[in-house]
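S.K.: Dropping the structure in here first, questions after.
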Amino acid sequence: MRQPKQPKRPKQAKIPPIDKLRARLGSLDERERQVFDFVFQGYKGREIAKALGFSLRSIEACKTAIFRKLRTSRIAIAIRYAVVADWPQGLPAAIPVKKWSRREPQAAPRNA
């Protein structure tokens, strides 16, 4: 009797040596570092744009440049690289950003 086929697991990304990771992270310019700090903390593009005062398009371009310099296309791998390289030393405290929503809560009607 045949054994059922096991589903294929996705391949894990190989982590480059730490000195190469630090060099790649060191190649980020100041704006890219700011954006990557926010990405590392879990902020979305729109929240980063509002906190830094840039357009969403600029933030997306920065993220693309970050991924190109780190030689990855996924946020999770970029964050893994930063953690392995012990890069996020002295991250700024999270900046409170109002969550974006389409509707603002309406005020309750006043009874006169």
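The values are calculated or read from the model by the stated rules, or taken from the named source; none is laboratory data. Owing to the predicted nature of the structure, the values given are computational and were not obtained by experimental measurement. Cβ atoms come from the backbone with ideal geometry, glycine included; neighbour counts cover every protein chain shown.
S.K.: Can you pull out the residues in segment 15-51 that are among the aliphatic types (A, V, I, L, M) and surrounded by 15 or more Cβ atoms within 10 Å (Cβ to Cβ)?
M.R.: Keep residues of segment 15-51 that are among the aliphatic types (A, V, I, L, M), which gives 15, 18, 21, 23, 25, 28, 35, 39, 48-49, 51.
If the condition is that a residue be among the aliphatic types (A, V, I, L, M) and surrounded by 15 or more Cβ atoms within 10 Å (Cβ to Cβ), then 21, 25, 28, 35, 39, 48, 49, 51 are the ones that fit.
S.K.: Further question on the same structure: Among the residues of segment 46-58, are any on the phi > 0 side of the Ramachandran plot and touching a residue at least 12 places away in the same chain (Cβ under 8 Å)? First the steps, then the outcome.
M.R.: Taking segment 46-58 and keeping what is on the phi > 0 side of the Ramachandran plot, we get 53.
Retained after the next criterion (residues that are touching a residue at least 12 places away in the same chain (Cβ under 8 Å)): none.
For segment 46-58, residues on the phi > 0 side of the Ramachandran plot and touching a residue at least 12 places away in the same chain (Cβ under 8 Å): absent.
S.K.: Of the numbered conditions (1) in a helix (DSSP H, G or I); (2) within 16 Å of residue 67 (Cβ to Cβ), residue 50 fails exactly one; give the number of that condition.
M.R.: Result: residue 50 passes all but (2).
S.K.: Just checking, which of 26, 45 is touching a Lys or Arg at 6+ places or on another chain (Cβ under 9 Å) and either more than 15 Å from residue 63 (Cβ to Cβ) or not hydrophobic (A, V, I, L, M, F, W, C) (or both)? First the steps, then the outcome.
M.R.: Working: 26 fails: touching a Lys or Arg at 6+ places or on another chain (Cβ under 9 Å).
The unique qualifying residue is 45.
A quick yes/no check of all residues on (1) modelled with pLDDT under 90; (2) in contact with a Leu (Cβ under 7 Å, 6 or more places away or on another chain); (3) aliphatic (A, V, I, L, M):
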site	(1), (2), (3)
10	yes, no, no
35	no, no, yes
46	no, yes, no
53	no, no, no
63	no, no, no
67	no, no, no
84	yes, yes, yes
